[in-house]
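Enquirer: So that we are looking at the same thing, I have put the structure below in structure tokens.
The values are calculated or read from the model by the stated rules, or taken from the named source; none is laboratory data. No experiment lies behind these values; they were computed from the predicted model shown. Here the Cβ positions follow ideal geometry from the backbone for every residue, glycine too, while neighbour counts run over all protein chains shown.
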Amino acid sequence: MSTAAAPRGASPVRRLLPWVGTEWKRLSLAVFLGAMAIGCGVGLLAVSAWLISRASLRPPILELEVAIVAVRAFGIGKGVFRYAERLTSHDAAFRALSRLRLAVYDRLAVVAPAGVPAYRRGDLLERLVRDVDATQDLPLRVIVPYAAGGLVALASVVLAFFILPIAGLVLLVSLLLAATVVPWITSRAAAEAERATAPERGRLNGDVLTLLDGVGDLTMSGAAQTWLDRLAADDERIGRLAARSARASGLAQGLGILLSGGAVVVMLLVAIPAVRSGALVGENLAVLALLPLATYEAVVAMPTAALALGRVRGSAQRVVEVLDAVDPVPDPAAPVAAPQGVVGVRIDGLSAAWPGGDEVLRGLSLEVGAGERIGIVGPSGVGKSTLLAVLAGFLPYRGSVRLGGVELHDMTGSDGRSLVGWCPQLPHVFDTSVVENVRLARPGATDEDVRAVLDAVGLGPWLDASPLGMDMPVGDHGALVSAGQRQRLGVARVLLGGHPVVLLDEPTEHLDEATADAVADELLRALAGRTVLWVAHRPHGLEQLDRVVRLA
């Protein structure tokens with residue numbers, strides 16, 4: 001389902017509303033069910049107060065039957081409606097959350113890696129996981145509580161006004177203060193802490209991953225303690241922010257209780273004279289006295305909702321930054337259709353640089369025939385990986401890059417990615433099965449299609465030796481497979497994707513000599529008939545290529 005985005009200039013929370021709005025039917029039902037649950041609580045206390053007061057006068061039992069049944073109905077209904085509201089609201093929130101998460105992933109698939117250079121890996125992970133998850137508070141802890149509580153509060157004021165007009169006014173003023181002034185005070189008290197918490201968590205995650213990735217080097221250099229102290233400082237800052245939010249939450253609860261108790265006192269002050277004057281039936285005195293306490297449930301969640309809205313604002317800002325990340329290689333206004341079949345590559349006067357850096361490639365010219373397999377070698381920093389990034393559509397460029405005679409930036413990004421498949425030095429594998437890791441390249445592929453490409457890269461005997469076959473898990477970060485098997489899985493993805501142009505970025509770099517020779521032979525055999533650009537520092541496989549180009 002497509003979701004129309006709010007304009008870029010809108011506030012971060014408003015930018016999230018289109019995803020929440022797709023579930024407006026379920027959210028409306030959740031608001032109704034929540035209002036019914038709170039209303040049953042109000043009705044239970046009000047009817048119970050009337051029943052006890054009336055029963056003290058010893059009327060005929062038939063006069064109390066309706067109230068007795070109502071007490072039972074309200075008591076049962078409160079639990080049933082609350083359970084139904086929780087199911088419905090969470091269902092709506094999770095559906096909206098899944099759409100938003102897909103939108104973030106879709107955006108990252110287009111702009112990464114060149115479009116997100118400023119984000120540390122831990123910070124980007126925080127945005128993808130915790131910040132996106134935090135946006136579910138918008139429907140769950142802001143929209144539904146405010147809407148349901150507002151409906152019940154209005155109905156309670158009408159009931160109090162019907163019993164005694166001045167009592168309705170007292171209840172209206174107390175509820176307005178509890179629903180507006182108290183949330184405003186608490187949100188102001190915690191606003192800065194709520195806004196700062198999400199960035200601080202992102203900084204903490206980035207520092208943790210940096211420490212974990214470089215723990216060996218940091219320990220050897222004696223810098224590990226410095227990083228541990230930095231993590232402790234990060235954690236202390238987050239703790240102080242959490243304490244400020246907790247104090248604001250406690251302030252909200254205290255003010256709410258004060259308003260509720262004050263409303264009871266004022267209600268008694270106006271109701272008792274009304275009973276003495278005969279303007280109010282005596283049994284209804286108890287109803288009016290307890291009505292502020294009962295209705296308090298309708299507004300008790302509003303200060304908490306204000307705090308939740310502050311958290312949503314902070315997380316939404318970070319999510320919107322990803323959604324608004326500028327595409328380094330935008331699609332053309334009038335795209336040209338991608339060429340068909342095996343295509344060649346022609347590069348003329350190519351210059352390119354990574355964002356914020358100097359040009360690495362300057363005036364490069366190169367021609368690769370359709371189906372030709374070439375090696376690209378040269379010292380580190382000469383631009384080999386930058387060249388592959390340009391061909392993969394990751395970087396903007398000056399000059400000309402043609403695939404099958406069609407300029408790369410004249411095609412859409414999806415067409416370019418369908419032509420060019422890239423296999424990095426260390427392909428990422430997910431903690432799932434072999435078949436699912438390969439099927440990422442073409443989700444609709446059958447098990448037979450996946451097995452065919454796995455056989456093509458030489459993994460057939462390994463799979464046959466396992467009782468699980470292609471369902472064998474690869475483990476977290478590929479812990480259960482060797483470096484050579486991981487490299488073969490990466491090439492199997494490229495094969496399954498059907499890309500006519502294949503980019504291999506040092507595919508034997510992390511392998512021992514014997515494994516590197518075997519992997520090189522299998523990769524080149526599997527890629528027969530495709531245009532291949534093989535970037536390498538090591539000689540394995542280069543002698544089997546059509547030619548080798550040296551960059552200087």
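Enquirer: Quick check: is even one residue across the stretch 40-51 surrounded by fewer than 17 Cβ atoms within 10 Å (Cβ to Cβ), in a helix (DSSP H, G or I) and hydroxyl-bearing (Ser, Thr, Tyr)? Let's see the steps before the verdict.
Expert: Step one: filter the stretch 40-51 for residues surrounded by fewer than 17 Cβ atoms within 10 Å (Cβ to Cβ), giving none.
Within the stretch 40-51, not a single residue is surrounded by fewer than 17 Cβ atoms within 10 Å (Cβ to Cβ), in a helix (DSSP H, G or I) and hydroxyl-bearing (Ser, Thr, Tyr).
Enquirer: Tally the residues that are over 26 Å from residue 108 (Cα atoms) and touching an Asp or Glu at 6+ places or on another chain (Cβ under 8 Å), restricting the search to the stretch 313-350.
Expert: Summing the residues that are over 26 Å from residue 108 (Cα atoms) and touching an Asp or Glu at 6+ places or on another chain (Cβ under 8 Å) in the stretch 313-350 gives 4.
Enquirer: Still on this structure: Could you give every pair whose Cβ atoms fall below 6 Å, whose first residue belongs to the stretch 433-459 and is in the same structural domain as residue 476 (by TED's automatic domain parsing) and modelled with pLDDT of 90 or more, and whose second residue is small (Gly, Ala, Ser) and surrounded by fewer than 20 Cβ atoms within 10 Å (Cβ to Cβ), counting only separations of at least 6 or pairs across chains?
Expert: If the second residue must be small (Gly, Ala, Ser) and surrounded by fewer than 20 Cβ atoms within 10 Å (Cβ to Cβ), the pairs left are 439/445.
Enquirer: Output yes when any residue across the stretch 53-75 is surrounded by 17 or more Cβ atoms within 10 Å (Cβ to Cβ), within 40 Å of the chain's Cα centre (by Cα) and assigned by TED's automatic domain parsing to the domain that holds residue 293, and no when none is.
Expert: Scanning the stretch 53-75 turns up at least one residue that is surrounded by 17 or more Cβ atoms within 10 Å (Cβ to Cβ), within 40 Å of the chain's Cα centre (by Cα) and assigned by TED's automatic domain parsing to the domain that holds residue 293.
Enquirer: So residue 389 fits all but one of (1) of a type in the set (A, V, I, L, M); (2) over 30 Å from residue 133 (Cβ atoms); (3) outside any helix (DSSP H, G or I); what number is the exception?
Expert: Every condition holds for residue 389 apart from (3).
Enquirer: Moving on. Kindly evaluate residue 357 against the criterion of being in the same structural domain as residue 529 (by TED's automatic domain parsing) and either modelled with pLDDT of 85 or more or among the basic types (Lys, Arg) (or both).
Expert: Numbers: in the same structural domain as residue 529 (by TED's automatic domain parsing): yes; either modelled with pLDDT of 85 or more or among the basic types (Lys, Arg) (or both): no.
Answer is no for this residue.
Enquirer: Could you check the stretch 445-488 and list, in sequence order, the residues that are surrounded by 13 or more Cβ atoms within 10 Å (Cβ to Cβ), over 22 Å from residue 525 (Cα atoms) and of a type in the set (Asp, Glu)?
Expert: The one that is surrounded by 13 or more Cβ atoms within 10 Å (Cβ to Cβ), over 22 Å from residue 525 (Cα atoms) and of a type in the set (Asp, Glu): 471.
Enquirer: Go through the stretch 337-380 and give me each residue that's surrounded by fewer than 18 Cβ atoms within 10 Å (Cβ to Cβ), more than 16 Å from residue 408 (Cα to Cα) and β-branched (Val, Ile, Thr).
Expert: 377
Enquirer: Pull out all pairs, ordered by first then second residue, where Cβ-Cβ is under 6 Å, the residues are six or more apart or on different chains, the first lies in the stretch 198-223 and is under 24 Å from residue 239 (Cβ atoms), and the second is basic (Lys, Arg) and at pLDDT 75 or above.
Expert: Cβ pairs passing all conditions: 198/318; 200/237; 207/230.
Enquirer: Continuing with the same structure: Within the stretch 250-267, work out how many residues are surrounded by fewer than 16 Cβ atoms within 10 Å (Cβ to Cβ), more than 38 Å from the chain's Cα centre (by Cα) and free of Cβ contacts under 8 Å to residues at least 40 places away in the same chain.
Expert: Within the stretch 250-267, residues that are surrounded by fewer than 16 Cβ atoms within 10 Å (Cβ to Cβ), more than 38 Å from the chain's Cα centre (by Cα) and free of Cβ contacts under 8 Å to residues at least 40 places away in the same chain number 3.
Enquirer: A further question on this structure: Identify, by number, the condition in (1) on the phi > 0 side of the Ramachandran plot; (2) part of a loop (DSSP other than H, G, I, E, B) that residue 430 doesn't meet.
Expert: Condition not satisfied by residue 430: (1).
Enquirer: Could you give me the residue pairs with C-beta distances under 8 Å whose first residue belongs to the stretch 398-414 and is farther than 16 Å from residue 388 by Cβ, whose second residue is in a strand (DSSP E or B) and of a type in the set (S, T, N, Q) wherever it lies, and which are 6+ apart or on separate chains?
Expert: Sorted first by the residue in the stretch 398-414, then by its partner, the pairs are 398/351; 407/400.
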